[in-house]
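No lab work stands behind these numbers, since they all come straight from the coordinates. All values reported here derive from a predicted model rather than from experimental measurement. Cβ coordinates were reconstructed from backbone atoms using ideal geometry, including for glycine residues, and neighbour counts include every protein chain displayed.
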Amino acid sequence: MRSSLLSLVILFQFCFVQTLPAQEKQIAPENDQCIKCHTHQTITFENTLTKREDKRLMNPLYILDKNHFAQGVHGRFKCTDCHPAEYSHYPHKAELKLEPLSTCLDCHGGDARYASFQFEKIDEEFQKSVHFQKSGESFTCSKCHDQHYYQAKSRNSTEVGDIVLFSNQMCMSCHSNNNKFQLISDSLKPALAQIHEWLPNQELHFKNIRCIECHTQVVDSLSVSHNIMPKEKALKNCVECHSKNSMLEASLYKYKNLQGRSQKGKLHTIIANKAYVIGAYQNNLLNSVSIILFLVVLTGILIHLIARIVKK
Amino acid sequence: MTHVHKIYLYPLWLRIWHAINALGILILITTGITMQYSNPAFKLMNFELAVNLHNISGIAVSVSYFLFIIGNRLTHNHTYYRLKLKGLYTKLTLQIVYYTYGIFKNQSPPFPISEKRKFNPMQKVAYLIVMYLFVPGLILTGLGLLFPELILENIYQLSGIFLTAILHASLGFLTSIFLIIHLYVASIGKYPLNNFRSIVNGYHDTNIH
Ligand code: HEM
C-alpha cells in the first residue's frame, strides 16, 4: 500500500516534470482537427460518396512542423484564427483558396502593443526595397516571414550565429530555391556562391553576417532595416566591417551588445563574442602595450646607435 | 699586417630560405598592420589586397619554413643552434656587457665568429625562440584562421577564433620586434653592411692579425 502510494507520487512527479517544459510551448488543442492531417505524410478521411474510410497521400508542401509552429510568435494561435473555419471539413471547399488572408499590417498596424517593432515604419522601408519595386504587391511580408514559424530572433536570441542563421534562411528560402524564387520572378535565381565569389571565406561570412548587413541601408531608428537596395548599392567595402567603428556595431551586434553591456559590462561582451572580426576588435590594452614596447625598442636602438657613432 | 680571411657560413639553401622568409615576413607585417588597424579614413592599402597578399605570403613562409627545418636536419647547420643550458647565463651576461659597454671601448667580442661558432649566445637564443616558437606558432594559428573549422569553437567562455586571432597578432608583433633588433644587430661591426653582404653571398670576412 505504502509503496504503491510512493510510486504514484513518483509517477505524478515524473509526469509533471516531463510535461512542464512542453506545456509552455504547446499549440492550441483545437488545432488537433487540422494537424491530424497537416503534420502527417498521409491523411485518412470519411469519403462521403463511397461511405468508406479513405487513406491518401498528403501534399508534402502542406505539411507543417508542429514544434516549429509552437515556438513561433503566433504559436498559441488556432489555425482558424487566420484560416477560415470551414477548413475543418475535408475535402476543403475550393472557394476557400480564394479568400485573402490577413497580412502582418492588418493585425499589427496601429496596435500600440507592438509599437517597439515599428511595423508601419518597416512597411514604409519595405516599399522602397528592390523586391517591392520590381514585384509590387505580390511580394508580401509573408514571403520572408512565414506566419507559421516566424520568431523575433534578432531581439530574443543571444547567439549571433543563431540570429544569422534564422535571418539568412529567410533569404535563402528563395535565393537558393528556384521553385519559390519563381513565385515572384520568371527568370532563374542567380547562383549566390558565384555572385559573391569576391568575398573570401564566404562560408564563414555567411555564417557570421546577415545578408541584410550588406544589402540594406542601416536605418538607425529601426533595429532591422528592410530597404533591400539594388545590387549596385550593396556593400562591398570590407573596411565597413573590418575596422574599429564597424557598422556591425550599429546593426547585427546592436541588440546583443546593448543587452550584454548593460548586464555584464563591455569587456565581457567583447571577450565572449563568438565572432572575431579582424580590425573591429582592437583591444585597447594590447594596443598600448605594443606601442610602448615598440617605442622602448626603438629608443634603445637609437641610443646605442648614437653611442656607436660618437665612440667611433 | 691584417689580411681578410673568408669563411663560408651561409650555404645556398639557407640563403634562399632566408630571402623568401625575409621578404615574406616583411609583406606579412605590412599587410598584417593594414588589417589590424584598418581604418576607412586612412588607407595604407586596399583591405582585400591586404588579405590576399597576407594569405599568399603566409603560405610561402610556411612552406619555406620546412626548407629551413629540413635543411638544418640534413646539413651540419643545426650544430650552430645547439644550446648548452649550463653556463648560459654567464655567457649571455658576457655578451650583453659587450654590446652595452665593451663595444664602445673597442674590446674584442667575447664570442668571435669562426667555422665552429656562427652565433654568439644572444643570437643563438633569439634565433631559437623565433624559429622554434614564434614562427611555428604563427604558422599554426594562421592555418587556424584560414581554416576556422579546424579550431575549437569555444574554450571555456572564450571564442576559439578570438583566442587564435589574439595569439596570432601577438606573435606577429613579437616577430616584428625581433626583426627590428635583428636588422640593427646585424649592422653592428666594423663595416655595418658586411653582414648583409654575407647573407647574400654566403661568405663571412674575419680579420686575422
Ligand atoms: C629584411 C629582412 C632581413 C634581413 C635584412 C636579415 C638579415 C640577416 C643577416 C645579415 C643575417 C646574417 C647575420 C647573422 O647570422 O646574424 C641573418 C641571419 C638570420 N636571419 Fe635574418 N634578416 C631578415 C629577416 C629575417 C627574419 C624575418 C627572420 C625570422 C623570422 C630571420 C631569421 C634569421 C636567422 C634564423 C638567421 C641565421 C641563419 C643561419 O645562419 O642559420 N631573418 N639575417
Residue-wise, which Karplus ³J(HN,Hα) couplings in Hz belong to segment A:188-196, taking 6.51 cos²θ - 1.76 cosθ + 1.60, θ = phi - 60°, and x for glycine or proline?
7, 5, x, 6, 4, 4, 6, 4, 9
Please give every one of the lysines within straight-line cross-link reach of B:Lys105, meaning a C-alpha to C-alpha distance under 23 Å, and leave out same-chain neighbours fewer than 8 residues apart.
A:Lys311, A:Lys312, B:Lys91, B:Lys190
What nm distance separates the two modelled labels at B:His5 and B:Leu143, each placed 7 Å from Cα along Cα→Cβ?
4.4
What distance in nm separates the simple spin-label points at B:Ile188 and B:Arg117, each placed 7 Å from Cα in the Cβ direction?
1.4
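Let me know the whole percent of all Cα-Cα pairs from the protein assembly as shown that are separated by more than 33 Å.
On the way: 81385 of 135460 pairs.
Everything past 33 Å amounts to 60 percent.
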Once the principal axes of the Cα atoms of segment A:40-148 are found, what is the range along each, listed largest first in whole angstroms?
54, 31, 22
May I ask you to work out the translational diffusion coefficient for chain B at 37 °C, viscosity 0.692 mPa s, via Stokes-Einstein with Rh from the Kirkwood sum over Cα pairs, reported in whole µm²/s?
169
Of the cross-linked pairs A:Lys25/A:Lys189; A:Lys233/B:Lys43; A:Lys189/A:Lys236; A:Lys55/A:Lys97; A:Lys55/A:Lys93, which ones have a Cα-Cα span greater than 27 Å in the structure shown?
A:Lys25/A:Lys189
Provide the per-residue ³J(HN,Hα) series for segment A:139-147, in order, calculated from phi with Karplus coefficients 6.51, -1.76, 1.60 and θ = phi - 60°, each as a whole number of Hz, with x at glycine and proline positions.
8, 8, 4, 5, 5, 9, 9, 5, 5
Between B:Thr100, B:Thr141, B:Thr30, which gets the highest mean-square fluctuation from a Gaussian network model of chain B, Cα cutoff 10 Å?
B:Thr100
Give the average over all directions of the projected area of the C-alpha convex hull of segment A:77-206, one decimal, in nm².
10.7
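List the trypsin sites (Lys or Arg not before Pro) in segment B:35-133 that DSSP assigns to loop (not H, G, I, E or B) and whose Cβ has at most 11 other Cβ atoms within 10 Å. Which are they? Could the numbers behind the result be given before it?
Values: sites: B:Lys43, B:Arg73, B:Arg82, B:Lys84, B:Lys86, B:Lys91, B:Lys105, B:Lys116, B:Arg117, B:Lys118, B:Lys124; in loops: B:Lys43, B:Arg82, B:Lys84, B:Lys86, B:Lys116, B:Arg117, B:Lys118.
Sparse-neighbourhood loop trypsin sites (Lys or Arg not before Pro): B:Arg82, B:Lys84, B:Lys86, B:Lys116.
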Table column - 3J(HN,Hα) (Hz), segment A:167-176, Karplus curve with 6.51, -1.76, 1.60, x for Gly and Pro:
5, 5, 5, 4, 6, 5, 4, 10, 6, 10
Hey, what number do you get for the protein assembly as shown at 222 nm if only DSSP H runs of n ≥ 4 count, each worth -39500 (n - 2.57), divided across all residues, to the nearest 500?
-16000 deg cm²/dmol
The answer for A:Val73, listing residues at least 5 apart or on another chain whose modeled amide H is closer than 5 Å to its amide H, is A:Tyr150, A:Gln151, A:Ala152
Extending each Cα 7 Å along its Cβ direction at B:Ile181 and B:Ala22, get the distance between those two points in nm, one decimal.
1.9
If the reach is capped at under 27 angstrom between alpha carbons, list the lysines near B:Lys86, excluding any in the same chain fewer than eight residues apart.
B:Lys116, B:Lys118, B:Lys124
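With r as the distance between the Cβ atoms of A:Leu165 and A:Val296 and R0 = 45 Å, compute the FRET efficiency 1/(1 + (r/R0)^6) and round to 0.05. Don't jump to the answer; show the numbers that get you there.
Working: r = 46 Å, r/R0 = 1.03.
Working from the Cβ atoms, E equals 0.45.
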Efficiency by 1/(1 + (r/R0)^6): what FRET value for A:Ser176 and B:Arg15, r their Cβ-Cβ distance, R0 = 56 Å, to the nearest 0.05?
0.60
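Gain in length, B:Phe196 to B:Arg82, computed as 0.36 nm per residue apart minus the alpha-carbon separation, to one decimal in nm?
On the way: separation 114, 0.36 × 114 = 41.04 nm, distance 2.36 nm.
That pair, B:Phe196 and B:Arg82, stretches by 38.7 nm at full extension.
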